[in-house]
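No lab work stands behind these numbers, since they all come straight from the coordinates. Computed from a predicted structure; not experimentally measured. Positions of Cβ are backbone-derived with ideal geometry, glycine not excepted, and every protein chain shown enters the neighbour counts.
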Amino acid sequence: MSLFFAMCSALSGCTIPDTTPLKTSRAVEEGAYAADISPDGTVSVVSGVNNGINVWKTGSDTPTFQWSHQGGADNTVVLVHISADNQYAVTADRTAFALWNMNNGEPEGFWRIDESSVRDIAVANAGRGILVGRSNGTVMYFEPQTQRRLEFLGHQEKVNSVDISPNGRFAVSGGNDYTAYLWSTESGQIIHTFHHPTRVTLVALDDQGRYVFTADSQQKSQIWDAQTGEPISNLQYIARQKIFTDAVFSADGKYLLTGSPSRRIFLWDVQTGEQLESWEVEPRQDHSPPTAVVYGVGFIDDDRILSLSSSGLAEIWEVNHDN
């Protein structure tokens with residue numbers, strides 16, 4: 001037995017990544033700035049370096065829609081989010097955001113943010129509410145149809161990540177103030193507060209309302225009970241630092257799937273925090289050293305997952321239930 005294998009056997013969460021996808025397809029040419037995958041893995045939105053924003057149905061050979069954020073100008077969209085019902089998507093650069101109808105591909109609104117830059121964005125089912133995290137520490141909740149606007153002022157520093165419940169009633173946000181909040185978009189009142197030892201870099205809300213995931217810039221990556229605010233598990237890994245770029249819970253609530261800026265995808269057990277599997281996406285060949293940021297991950301079904309990365313590739317991976 002090799003020393004590496006012996007160490008992996010002794011340490012929880014040490015797995016050799018799978019580097020051979022079931023299928024690879026090019027979502028955009030020359031790499032991507034941002035991407036998101038719908039919760040059911042059937043639809044993706046990808047912001048390309050040189051050809052705007054492409055909307056894909058999983059398995060299709062051609063994009064369903066091709067969008068341009070600001071007319072003929074160069075694409076600068078760095079944030080993308082798809083609603084849980086697959087009906088709407090939001091795209092944003094650092095100064096403006098747009099709402100898109102996923103059924104007909106038409107834009108339904110374009111708004112500019114003047115007072116501070118956009119840091120993250122999320123949209124509720126039917127496009128009824130949009131969440132905008134900003135660099136000045138505020139989070140704006142906005143209803144396009146009613147024009148209702150609420151500003152959440154709980155954060156003391158830059159907001160890094162936001163997510164919204166499918167019904168638009170609840171939001172989660174995390175920032176440089178070492179804190180994440182679960183709060184009401186109806187009243188702006190804080191429901192639960194989640195403390196971290198360093199800045200919070202990613203938050204995710206389970207679409208079924210069971211869990212909240214918060215991760216910081218060092219070692220605390222926590223799954224919480226969304227109803228009680230109590231911790232369920234802390235992701236188990238031996239690295240001194242682990243950054244995540246996307247996170248999604250499985251429909252049955254058993255698993256958490258995460259992406260990272262270092263080509264890696266991880267599958268975790270929600271109740272124990274144990275790492276069950278890992279995958280490594282293809283790097284961008286024009287970068288030295290070759291690497292890729294995993295922008296989006298999603299469950300297609302019980303046996304397959306989908307990833308989208310800065311390489312511009314969509315890759316389908318097999319889940320090994322024997323692990």
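The convex hull defined by the C-alpha atoms of the chain has an orientation-averaged projected area of 16.1 nm².
The alpha-carbon atoms of segment 254-294, seen along their principal axes, cover 40, 12, 11 angstrom, with the largest extent given first. The amide H of residue 263, built 1.01 Å from its N in the peptide plane, has 292, 294 as neighbours under 5 Å, considering only residues 5 or more places off or on other chains. Considering only the other residues whose Cβ falls under 13 Å of the Cβ of residue 210, what net charge follows from Lys and Arg at +1 and Asp and Glu at -1? Once all neighbours under 13 Å are counted, the net charge is -4.
You can think of it this way: the chain between residue 184 and residue 115 has 22.5 nm of extra reach, that is 0.36 nm per residue less the Cα-Cα gap.
Show me 53-62, 151-160 ranked by packing, highest mean number of other Cβ atoms within 10 Å first.
The densest-packed peptide leads the list: 151-160, 53-62.
One decimal place: the segment residue 274-residue 208 gains 21.6 nm when fully extended, by the rule 0.36 nm per residue minus the C-alpha distance.
Peptides 305-317, 185-197 ranked from most to least packed, by the mean per-residue count of other Cβ atoms within 10 Å: 305-317, 185-197. Summary value for the chain: 15 percent relative contact order, contacts being C-alpha pairs under 8 angstrom separated by 6+ residues.
Scanning residues 5 or more positions from residue 207 or on other chains, those with amide H under 5 Å from its amide H are 249, with H placed 1.01 Å from N in the peptide plane.
Subtracting the Cα-Cα distance of residue 62 and residue 145 from their residue separation scaled by 0.36 nm leaves 26.7 nm.
If the only charges are +1 at each Lys and Arg Cβ and -1 at each Asp and Glu Cβ, what is the size of the charge dipole of segment 24-258 around the Cα centre, to the nearest 20 debye? Don't jump to the answer; show the numbers that get you there.
Values: 17 positive and 26 negative charges, 81 e Å.
My answer is approximately 380 debye.
Say the dipole of the chain comes from +1 at the beta carbon of Lys and Arg and -1 at that of Asp and Glu; which of 127, 183, 44 then lies farthest toward its positive end? Of the options given, the answer is 183. Residue by residue, segment 112-123 carries 3J(HN,Hα) couplings of 9, 9, 9, 7, 6, 7, 7, 9, 7, 8, 8, 9 Hz when phi is fed to the Karplus relation 6.51 cos²θ - 1.76 cosθ + 1.60 (θ = phi - 60°); x denotes Gly or Pro.
For the chain, the 222 nm mean residue ellipticity estimated from helices alone, with every DSSP H stretch of n ≥ 4 adding -39500 (n - 2.57) and the total spread over all residues, rounds to -500 deg cm²/dmol.
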